[in-house]
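Report on the structure given below.
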Amino acid sequence: MVIQGAQEGRTVPKTASAGIKDSTGYRVFTWVNTILLLLFVAIILYPLLTIVAQSFSSEGAIRTGQVNLFPVGFNLDTYRAVAENPLFWRNYRNTVTYTVVGTTVAMILTTSLAFVISKKHLRGRGLLIGIAVFTMFFNGGLIPNYVLIMNLGLKNTMWAVVLPGALSVFNLLVMKSFFENLPTELEESAQIDGLNWFGILFRIVLPLSKAVIATMVLFYAVMYWNDWFTAFLYIDRQDLMPVTMFLRNLIAGASSAASEGAAGQGMLTSAVSANIQAVTMVLTVIPILCVYPFIQRYFVTGIMLGSVKG
């Protein structure tokens, strides 16, 4: 099928993609896909909106199960109580510190190693990649790792939280694939101009890798921000714990109170604890929700370019 060129007076073949988009099957697929995605978004948003509603609701409304998607008995007392708790803000500051330092260390290690093993002329490259992949399936175990942290003197320090997860093999392989797909002619031209490997990395490779770097920063930041188990293992002091441990202790305390208390008092305690948990969850997740929209545009590009071999 052909259409007449409006300006040049010649026939132009109608593309196959235009025909597919005009077909009934494609329109049906688009509608079904849109509906399924909207349902998926609703499933994800429902618990989040319920938590937000509980954080602004009264204890009585939570106890009687009236809170769903909208607050019932608007209440800000719990927000004031949590905001006046110095331990919460100290743990919050610890989380910010662990996230910033951990993400910085992780990006330095991941970028450096990924750039090195992306060079096919490197001797022992296959061995390095094999060792990295091996650690994805096998590790020392919980007790040997705990003994190692103890012997290194890292317990009850920031480094006990930062270092164990400082190098993700999955992120390493994604970044390696991204570096391999960059044109080798750029590096050859830089070498002719007199740049060494450090100059090539900082002046050529990294400026072209903003998408994958932003994606890896998001991955590491979310991992450190949500991590509580590492602190649970290696940190005993409350003033050094992240805010996720503060939330975990609230949930554990609520479960103990509900199981040990009397029937009526247990329901009241559970309602109060649910309100405090909801407030803490909302305050904990706000920073990630604020940062994600600015990095999301790099997310798909970074993953696709770094995971598909060209």
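Return a yes/no flag: does the stretch 228-247 have any residue that is charged (D, E, K, R), part of a helix (DSSP H, G or I) and surrounded by fewer than 18 Cβ atoms within 10 Å (Cβ to Cβ). For the stretch 228-247, residues charged (D, E, K, R), part of a helix (DSSP H, G or I) and surrounded by fewer than 18 Cβ atoms within 10 Å (Cβ to Cβ): present.
Within the stretch 275-284, the presence of at least one residue that is in a helix (DSSP H, G or I), under 24 Å from the mean Cα position of the chain (by Cα) and modelled with pLDDT under 80 is confirmed. Of the residues examined, Lys155 is not one that is basic (Lys, Arg), part of a helix (DSSP H, G or I) and under 25 Å from Asp227 (Cβ atoms). For the stretch 73-85, the count of residues that are free of Cβ contacts under 8 Å to residues at least 40 places away in the same chain, at positive phi and outside any helix (DSSP H, G or I) is nonzero.
With respect to Ser177, determine if the residue is among the polar types (S, T, N, Q), in a helix (DSSP H, G or I), surrounded by 14 or more Cβ atoms within 10 Å (Cβ to Cβ) and more than 16 Å from the chain's Cα centre (by Cα). Spelling it out, Ser177 is indeed among the polar types (S, T, N, Q), in a helix (DSSP H, G or I), surrounded by 14 or more Cβ atoms within 10 Å (Cβ to Cβ) and more than 16 Å from the chain's Cα centre (by Cα). Among the residues in the stretch 100-112, are any more than 30 Å from Ile235 (Cα to Cα) and not hydrophobic (A, V, I, L, M, F, W, C)? No, the conditions are met nowhere in the stretch 100-112.
Just so you know, in the stretch 194-220 the residues that are of a type outside the set (A, V, I, L, M, F, W, C) and in contact with a Phe, Trp or Tyr (Cβ under 9 Å, 6 or more places away or on another chain) include one that is surrounded by the most Cβ atoms within 10 Å (Cβ to Cβ), and it is Thr215.
Residues in the stretch 54-72 that are assigned to a helix (DSSP H, G or I), among the small types (Gly, Ala, Ser) and touching a residue at least 60 places away in the same chain (Cβ under 8 Å): Ser55, Gly60. Look at (1) at pLDDT 60 or above; (2) of a type in the set (A, V, I, L, M); (3) closer than 21 Å to Thr50 by Cβ and you find that Ile295 fails only one, number (3). Note on the stretch 158-172: residues that are in contact (Cβ under 8 Å) with a residue 24 or more places away in the chain and part of a helix (DSSP H, G or I) total 7. Pairing each residue of the stretch 173-197 that is within 21 Å of Leu128 (Cβ to Cβ) with any residue that is of a type in the set (Val, Ile, Thr) and in a loop (DSSP other than H, G, I, E, B), provided the two are 6+ apart or on different chains, yields C-beta distances under 9 Å for Ser177/Val308; Asn181/Val308.
Per-residue answers, yes or no, for (1) farther than 30 Å from Gln277 by Cβ; (2) out of contact with any helix residue (DSSP H, G or I) (no Cβ under 9 Å at 6 or more places or on another chain); (3) at pLDDT below 60:
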site: Thr11; (1), (2), (3): yes, yes, yes
site: Thr15; (1), (2), (3): yes, yes, yes
site: Ala18; (1), (2), (3): yes, yes, yes
site: Gly25; (1), (2), (3): yes, yes, no
site: Trp31; (1), (2), (3): yes, yes, no
site: Ile35; (1), (2), (3): yes, yes, no
site: Leu45; (1), (2), (3): no, yes, no
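What number of residues within the stretch 112-130 are in a helix (DSSP H, G or I) and either under 25 Å from the mean Cα position of the chain (by Cα) or surrounded by 12 or more Cβ atoms within 10 Å (Cβ to Cβ) (or both)? Counting residues in the stretch 112-130 that are in a helix (DSSP H, G or I) and either under 25 Å from the mean Cα position of the chain (by Cα) or surrounded by 12 or more Cβ atoms within 10 Å (Cβ to Cβ) (or both) gives 9. For the stretch 98-106, check the following and say yes or no: at least one residue is modelled with pLDDT under 80, surrounded by 14 or more Cβ atoms within 10 Å (Cβ to Cβ) and among the polar types (S, T, N, Q). No, because not a single residue in the stretch 98-106 is modelled with pLDDT under 80, surrounded by 14 or more Cβ atoms within 10 Å (Cβ to Cβ) and among the polar types (S, T, N, Q).
Residues of the stretch 78-111 that are more than 22 Å from Ile288 (Cβ to Cβ), over 25 Å from the mean Cα position of the chain (by Cα) and not aliphatic (A, V, I, L, M): Arg80, Glu84, Pro86.
Among the residues of the stretch 113-164, those that are under 26 Å from Trp197 (Cβ atoms) and either touching a His at 6+ places or on another chain (Cβ under 6 Å) or of a type in the set (Val, Ile, Thr) (or both) comprise Val116, Ile117, Ile129, Ile131, Val133, Thr135.
The values are calculated or read from the model by the stated rules, or taken from the named source; none is laboratory data. Quick caveat: nothing in here was measured; it's all calculated off a predicted structure. Reconstructed Cβ throughout: ideal geometry from the backbone, glycine too, with neighbour counts over all protein chains shown.
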